[in-house]
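Here is the structure we will look at, set down as structure tokens.
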Amino acid sequence: MVLTGLTILIIGASHLTMPTSLISSLHDNLIKQGAKSVHSVGVCGSRPSSWIEPKNGTCGKAERIGTGPPKLSIMRAGKTTSIKELVEKDKPDMVIIIMGDTLGNYDKKDFDRKWANTEIDGLTREISRLNVRCAWVGPAWGAEGYSGGKTYRRVQTVSDFLTPRVKPCEYINSLEMSKPGEWVTFDGYHYLAPGYKTWADAILKSLKSLKPIK
């Protein structure tokens with residue numbers, strides 16, 4: 001897929017809310033590839049349903065438009081904006097969703113498949129109704145042994161669960177981009193700057209391999 005001239009909207013949770021996160025590396029990659037406009041919005045702790053009916057996140061928000069710097073409100077509650085409002089305002093050629101960890105129930109013994117399916121189905125139905133192309137970037141490996149409870153087994157379960165359920169979005173499998181534990185984290189979930197840079201580069205490669213937008 002040629003990214004030159006495209007208008008792109010990126011939404012997600014905490015992987016878009018820190019200065020060294022995907023709101024810098026992925027956003028910059030898309031601009032360097034010639035995207036006409038890139039708008040990134042991340043709200044910490046947000047889930048798919050948070051982008052249908054706006055809700056407050058848990059630990060901060062970040063937003064970035066074009067070549068401007070990210071506007072960050074770290075450690076303060078930030079509110080999502082509905083995907084409908086964002087799409088109607090930006091008129092994007094593609095929406096990129098960075099979401100998987102907030103569906104993982106990592107702190108619980110079992111993965112709540114019924115709840116996760118409802119979350120995913122709600123957002124994909126809304127995107128289908130808005131008739132905009134979408135790519136859904138699933139969770140990356142992270143690291144085990146931290147207080148959040150993320151394990152390689154659970155993140156594999158989440159990725160496998162997402163793969164057939166995100167249509168009409170095209171699924172981008174982040175687990176294929178590295179080996180478990182390869183990207184260094186500071187809490188089991190969030191990567192240091194080199195990890196986010198590598199992830200962003202791999203996401204870009206996956207996007208470029210998609211069929212062209214007609």
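Overview of values
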| read-out | value |
| --- | --- |
| Residue within the range 164-179 that is open to solvent by less than 10 Å² (accessible area, probe 1.4 Å), at pLDDT 95 or above and part of a loop (DSSP other than H, G, I, E, B) present | yes |
| Matching residues in the range 82-110 - criterion: being of a type in the set (D, E, K, R) and surrounded by fewer than 23 Cβ atoms within 10 Å (Cβ to Cβ) | Lys84, Glu85, Glu88, Lys89, Asp90, Lys91, Asp93, Asp107, Lys108, Lys109, Asp110 |
| The range 119-156, residues that are polar (S, T, N, Q), in contact (Cβ under 8 Å) with a residue 40 or more places away in the chain and either closer than 26 Å to Ile52 by Cβ or assigned to a helix (DSSP H, G or I) (or both) | Thr124, Ser128 |
| Verdict on Leu72 being open to solvent by less than 20 Å² (accessible area, probe 1.4 Å), of a type outside the set (Phe, Trp, Tyr) and more than 23 Å from Ser128 (Cα to Cα) | no |
| Residue under evaluation Cys44, criteria (1) surrounded by fewer than 19 Cβ atoms within 10 Å (Cβ to Cβ); (2) closer than 22 Å to Tyr189 by Cβ, criterion not met | (1) |
| Near pairs, Cβ below 8 angstrom, 6+ apart or cross-chain, from the range 58-69 (over 14 Å from Ala13 (Cβ atoms)) to any residue that is part of a loop (DSSP other than H, G, I, E, B) | Arg64/Pro70 |
| Wholly enclosed strands (runs of 3 or more DSSP E) of the range 1-101 bearing at least 3 residues in contact with a helix residue (DSSP H, G or I) (Cβ under 9 Å, 6 or more places away or on another chain) | 7-12, 37-43, 60-65, 94-98 |
| The listed residue being open to solvent by 30 Å² or more (accessible area, probe 1.4 Å), within 30 Å of Gln156 (Cβ to Cβ) and among the β-branched types (Val, Ile, Thr), out of Thr67, Thr20 | Thr20 |
| One residue from Ser40, Ser14 being within 18 Å of Lys197 (Cβ to Cβ), touching a residue at least 12 places away in the same chain (Cβ under 8 Å) and in contact with a Cys (Cβ under 8 Å, 6 or more places away or on another chain) | Ser14 |
| Among the residues listed as Arg125, Arg113, Arg129, Arg133, the single one being touching a strand residue (DSSP E or B) at 6+ places or on another chain (Cβ under 6 Å) and either of a type in the set (D, E, K, R) or open to solvent by 80 Å² or more (accessible area, probe 1.4 Å) (or both) | Arg133 |
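The values are calculated or read from the model by the stated rules, or taken from the named source; none is laboratory data. For clarity, every value in this text was computed on a predicted model and none was experimentally measured. Cβ atoms come from the backbone with ideal geometry, glycine included; neighbour counts cover every protein chain shown. Accessible surface is based on the protein model in full, side chains and every heavy atom, while ligands, DNA and RNA are left aside. Shrake-Rupley method; radii C 1.70, N 1.55, O 1.52, S 1.80 Å.
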